[in-house]
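> The structure's right below; bear with me while I get my questions together.
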Amino acid sequence: MMRALLCAILGLLACLAPAQAPVTALKSVVADGVGAGPDRGKARDDALADAQRRAVEEAVGLYIESETVVKNGAVLSDDIYAHSQGYVQHYAILNEQYDGDEYRVKIRAQVRMGKLEDDLTDVSARLHVAGSPRVLVDLRQPQACDDPTLAQTLVTEKLVALGFTVLDADQLANNKSKEAMKLLREGKYDAARILALQDVADILIIGEAKYRTARNTVANTEMFSGEAWLNAKAIRVDTAHIVAAWQGKTPFAVAAFAENNAAESALTVCAQDWLTKNLGLLIRAAVDPARGYIVTLTGCGMQDVSAVERQLADLRFVRRTRLLGFDRGVARLEVLYTKTVKDLAAAMTAFTAPKLVVDSATTGTVRASVKR
């Protein structure tokens, strides 16, 4: 009787006890922030807010361009970053310094991934805004099983479900694109060949899938186990930059009564692993509206080139600049920019020290000369 009463009391106490809060997934991110102004306290606050915003950007694995992302029919705008501090559970300052009117800080932030994921669930809407990015998938599978395109089909289906427009490399109509793909399949990776695909795709996924099987006898029953490999790269076509690369292997862990079933199961696991590890990078590359532009600068010296590169890097919508070459007063720079070529040309006309004259602005290219 006493034992039954004790159990009843313990049960009642358990019911009255507060429920344990669910464990929130945290991601540790190191990020830098910058603030500026004569008020040192405000500059520090701005730098910390900027660092938290950058931590959230990195944690979510997606670049969200202000006023481009649509969610449930409304502009998401800057809402995510406006509430950056709500996603950062806590942070530690690793380094900070004040130089002139500029305050720089480095933090290690713990970002609440669950809340971010809840607020960024509509991936398809974001991809739709980015123009339903075109992905050219070419995963060779030299060995024949019941489905010789299994790995490619699995990757394709997943991307289509997320809102990508997926193209089959075997269906290319343009001879220039066909020749570029033929050489890329042979492992001859060259920026010019990748850039030749710009008219047909935004992202290229290229690689090879392989498998092997082994015969086993378990309890007098003949079975087959399979393992698979997938070596694939995802490349942004407009810049020829590799955005994801993975050489994965599925060990002999998939068993089946038929050899082909074991092979296909192993390939399925391997393809799913590749997507799991790289999907965030693919989405980031697709949603990122930055395009690659080539700026050709004439009548310049190296001092002019350095000054122009600094001013380009300071433009709000420039993501990255890179000097491609300089020879006899002519420089070529690569600029990743999120707006149009006309916007880039207009911004360059406002440069000082040196002043520039924009001679032409065509698709993907700006030609300018230094005004003396």
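> State whether the residues of the stretch 208-216 include one that is under 21 Å from ARG140 (Cβ atoms), assigned by TED's automatic domain parsing to the domain that holds LEU281 and under 24 Å from the mean Cα position of the chain (by Cα).
yes
> Going by the conditions given, is VAL366 over 22 Å from ASP199 (Cβ atoms), assigned to a strand (DSSP E or B) and in contact with a strand residue (DSSP E or B) (Cβ under 8 Å, 6 or more places away or on another chain)?
no
> With the requirement that a residue be assigned to a helix (DSSP H, G or I) and buried (at least 16 other Cβ atoms within 10 Å of the Cβ), what does the stretch 300-340 give you?
Selection gives ASP304, VAL305, ALA307, VAL308, GLU309, GLN311, LEU312.
> On to the next question. Does the stretch 184-211 hold any residues that are surrounded by fewer than 19 Cβ atoms within 10 Å (Cβ to Cβ) and of a type in the set (Gly, Ala, Ser), and which are they?
GLY187, ALA191, ALA192
> Under the condition of being of a type in the set (A, V, I, L, M, F, W, C) and at pLDDT 80 or above, which residue from the stretch 35-59 is surrounded by the fewest Cβ atoms within 10 Å (Cβ to Cβ)?
Among residues in the stretch 35-59 that are of a type in the set (A, V, I, L, M, F, W, C) and at pLDDT 80 or above, the one surrounded by the fewest Cβ atoms within 10 Å (Cβ to Cβ) is ALA36.
> Now for a separate question. Applying the selection to the stretch 212-242, what residues are at pLDDT below 85, crowded, with 19+ Cβ neighbours inside 10 Å, among the hydrophobic types (A, V, I, L, M, F, W, C) and part of a strand (DSSP E or B)?
Selection gives PHE224 alone.
> Can you tell me which residue within the stretch 346-364, out of those that are farther than 14 Å from GLN311 by Cβ and surrounded by fewer than 13 Cβ atoms within 10 Å (Cβ to Cβ), is modelled with the lowest pLDDT?
Top of the filtered list is THR363.
> Checking ASP343 against (1) in a helix (DSSP H, G or I); (2) among the acidic types (Asp, Glu); (3) closer than 18 Å to VAL305 by Cβ: exactly one of these is not met. Which one?
If we test ASP343 against (1) in a helix (DSSP H, G or I); (2) among the acidic types (Asp, Glu); (3) closer than 18 Å to VAL305 by Cβ, just (3) comes out false.
> If the requirement is being without any contact (Cβ under 8 Å) to a residue 24 or more places away in the chain and acidic (Asp, Glu), which of these qualifies: ASP199, ASP190, ASP238, ASP168?
ASP190
> Listed residues ALA290, ALA258; which is over 29 Å from TRP229 (Cα atoms) and at pLDDT below 85?
Residue meeting the stated conditions: ALA290.
The values are calculated or read from the model by the stated rules, or taken from the named source; none is laboratory data. Since we're looking at a predicted model, the values are computed, not measured. Cβ coordinates were reconstructed from backbone atoms using ideal geometry, including for glycine residues, and neighbour counts include every protein chain displayed.
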